[in-house]
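Let me begin by presenting the structure, written as structure tokens, before commenting on it.
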Amino acid sequence: MRSRIASSKTSSKKKIDGVYVVYNEFKRSSRRTFRAERLLRSQTISEPSPSRHDRLFVRARPEAILSDLLPKHIEFQLYRVLLESAAAEQGARMTAMEAATKNASDMINHLTLTYNRIRQAAITKEIIEIVSGASAAQ
């Protein structure tokens, strides 16, 4: 996570413009994308306008609601980002293993062909030696 901090020259307080998270996004197993997403914004809380539904609920201060919901929201967003990154990692691993399997199959086919050619050359050489030995004996 990365946060930008803008400091004011007149005061020693620092203001956070926003909180960002950068992660691997999972689209497909063969595609890697990085994404930067803003988790928090610097905003002020305004008082809600009264409505006729206010009498149905116990009216809570916006600061109290925000202090309860904000940690849960951040936790959920970070958990989602971790799951997304884990899925992207597994997709990358799967793609790498598919490529490794294909390369191993190609190598096995090449080595089998080379082995068969060498074996066939040895058999042909033995047959030529047997035939030439039989011709010399006559």
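The values are calculated or read from the model by the stated rules, or taken from the named source; none is laboratory data. Since we're looking at a predicted model, the values are computed, not measured. Cβ: placed from backbone, ideal geometry, glycine included. Neighbour counts: every protein chain shown. All accessible areas refer to the heavy atoms of the entire protein, side chains included, with ligands and DNA or RNA removed. Shrake-Rupley method; radii C 1.70, N 1.55, O 1.52, S 1.80 Å.
Viscosity 1.002 mPa s, temperature 20 °C: Stokes-Einstein D of region 67-138 from its Kirkwood Cα radius, in µm² per second? It comes out at roughly 119 µm²/s. The gain in end-to-end length when the S105 to A134 segment is fully stretched comes to 6.1 nm, 0.36 nm per residue minus the alpha carbon separation. The modelled label-to-label distance between T112 and T124, using points 7 Å beyond Cα along the C-beta direction, is 2.1 nm.
For L111, neighbours were defined as the other residues whose beta-carbon sits under 14 Å from its Cβ, and their charges (Lys and Arg +1, Asp and Glu -1) total +1.
In this label model, R61 and E75 are separated by 2.2 nm, measuring between points 7 Å along each Cα→Cβ vector.
So with the 1.4 Å probe, I'd like the accessible area per residue for region 91-138, rounded to whole Å².
With all protein chains present, region 91-138 gives 87 Å² per residue.
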